[in-house]
Amino acid sequence: MSKSPKKYLVTGGAGYVGSVVAQHLLEAGHAVTVLDDLSTGFREGVPAGAEFIEGRIQDAAKWLDSSYDGVLHFAAYSQVGESVADPEKYWVNNVGGSTALLAAMRDAGVRTLVFSSTAATYGEPVSSPITEADPTAPTSPYGATKLAVDHMITGEAAAHGLAAVSLRYFNVAGAYGSCGERHSPESHLIPLVLQVALGQRASISVYGDDYPTPDGTCVRDYIHVADLAEAHLLALDAATGGEHLICNLGNGNGFSVREVIETVRQVTGHPVPETAAPRRGGDPAVLVASAATARERLGWQPSRADLAGIVTDAWTFARREEPTAP
Ligand SMILES: NC(=O)c1ccc[n+]([C@@H]2O[C@H](COP(=O)([O-])OP(=O)(O)OC[C@H]3O[C@@H](n4cnc5c(N)ncnc54)[C@H](O)[C@@H]3O)[C@@H](O)[C@H]2O)c1
């Protein structure tokens, strides 16, 4: 963790992951400014103690100046299905916005960046667990836009000395105090299953049960959002001028869709009915991270890898969000 207090710009800090990281930065004694256009985030999600600017990363030059020590860049659209239907929306916002942000950083002399990349940059894995040396072949425009930004950052570090770390998250889950997950529409498995437990949806769809996995359902690597946040603070310390470090972030353990549903049943006491549905195109059977680079280069050690604990924290947050929760 950083020893002396610093000042950071957090783009997308009204969203799920950005708000949790902003909260961790504040708890570590740093000054935080959140820049968010509230397109998918929530004003009340911005942690108390952070300055808030309602604005777009495309206009970052208006606010970024040399008083900032670095930028943590979460702002993006991140719905895979939407990106397939409306790819230009993703290229304009994710790539266009990041281009403007990098230019603003260069002009202001802000030379440290931590970027939210994603497992979706890899596409269909060639081996498991996935390492950063594996080929990147995204299967959606969303993944392609995040990979394009990674390439931009690599060039920026080489040409202009940026100190940059891209963290490739696998499946982020859980909550941290009043900061939790509420995407609309929701596409992530744990909050969707919790919606069944809250009575907000009748059943959970299981897309394919004939995959080559132990119970036939897809296996994913769930990482607690607070463990993820700690990696961001470590990444700020590890960032080195002229280098673009890329680290996968996951627990290295996979849980199947059925294991997640069963864990939600145990945590909530709700029967959670399932509905069988056909496979979705582009869903790999297994997506599990090798986090060896994050351990070696960042000194990162996840401490909340237990699925029941992750689901319990997400359930506490979901009930807080829902006034009529049982
Ligand atoms: N949640 C996950 O499991 C996951 C996994 C891999 C990668 N990621 C990446 O992590 C980041 C955060 O994801 P999240 O789940 O918190 O999403 P989120 O939608 O909750 O947060 C994104 C935030 O960015 C803001 N935003 C979007 N475009 C903007 C713009 N042009 N200018 C200013 N603000 C803008 C939104 O209003 C929102 O508050 C994203 O970059 C996403 O691609 C998330």
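A short reminder: the numbers here are calculations on the coordinates, not readings from a lab. Given the structure is predicted, the values throughout are model-derived calculations rather than measurements. Virtual Cβ from ideal backbone geometry, glycine too; neighbours counted across all protein chains shown.
Data table
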| quantity | calculated |
| --- | --- |
| Relative contact order of the chain, defined on C-alpha pairs under 8 angstrom at six or more residues apart (%) | 19 |
| Cα-based shape type of the range 199-326, given that a ≥ b ≥ c are square roots of the gyration tensor eigenvalues and the cut on a/c is 1.5 | oblate |
| Residues with amide H under 5 Å from that of V286, placed H, sequence gap 5 or more | V219 |
| In sequence order, calculated HN-Hα J values of the range 202-213 (Karplus, 6.51, -1.76, 1.60; Hz; x Gly/Pro) | 6, 7, 10, 7, 10, 8, x, 10, 10, 6, x, 10 |
| For F52, distant residues with modelled amide H under 5 Å away | V34 |
| Karplus 3J(HN,Hα) series, Hz, for the range 302-311 with 6.51 cos²θ - 1.76 cosθ + 1.60 (x for Gly, Pro) | x, 10, 10, 7, 6, 4, 4, x, 4, 5 |
| E51 paired with S203, simple spin-label distance in nm, labels 7 Å along Cα-to-beta-carbon | 5.3 |
| Sites K89 and S4, calculated FRET efficiency, Cβ-Cβ separation with R0 45 Å, nearest 0.05 | 0.65 |
| Whole-number D in µm²/s for the chain (Stokes-Einstein; Kirkwood sum over Cα pairs; 4 °C, 1.567 mPa s) | 65 |
| Ascending count of other beta-carbon atoms within 10 Å, so fewest first, for L35, L167 | L167, L35 |
| Pairwise label distance in nanometres, R320 with S39, each label 7 Å out on the Cα-Cβ vector | 2.7 |
| Net charge of neighbours whose Cβ lies under 15 Å from the Cβ of S39, counting Lys and Arg as +1 and Asp and Glu as -1 | -2 |
| FRET E, pair E262, S187, Förster distance 25 Å, beta-carbon r, rounded to 0.05 | 0.75 |
| 5 angstrom amide H check on G252, placed H, neighbours 5+ away | A289 |
| Zero-based 10 Å bins, Cα pair distances in the range 49-188, whole percents | 11, 38, 36, 14, 1 |
| Between the range 183-203 and the range 226-255, the alpha-carbon center distance in angstrom | 28 |
| Added length on full extension, which subtracts the Cα-Cα distance from 0.36 nm per residue, A28 to D283 | 88.0 nm |
| FRET efficiency estimate (nearest 0.05) - Cβ-Cβ, K62 to E243, R0 41 angstrom | 0.90 |
| Fully extended contour minus Cα-Cα distance, from Q195 to T99, at 0.36 nm per residue | 30.9 nm |
| For the range 285-300, 3J(HN,Hα) per residue [Karplus equation, 6.51 cos²θ - 1.76 cosθ + 1.60, θ = phi - 60°, Hz, x = Gly/Pro] | 4, 9, 10, 10, 8, 8, 9, 4, 5, 4, 5, 6, 8, 9, x, 7 |
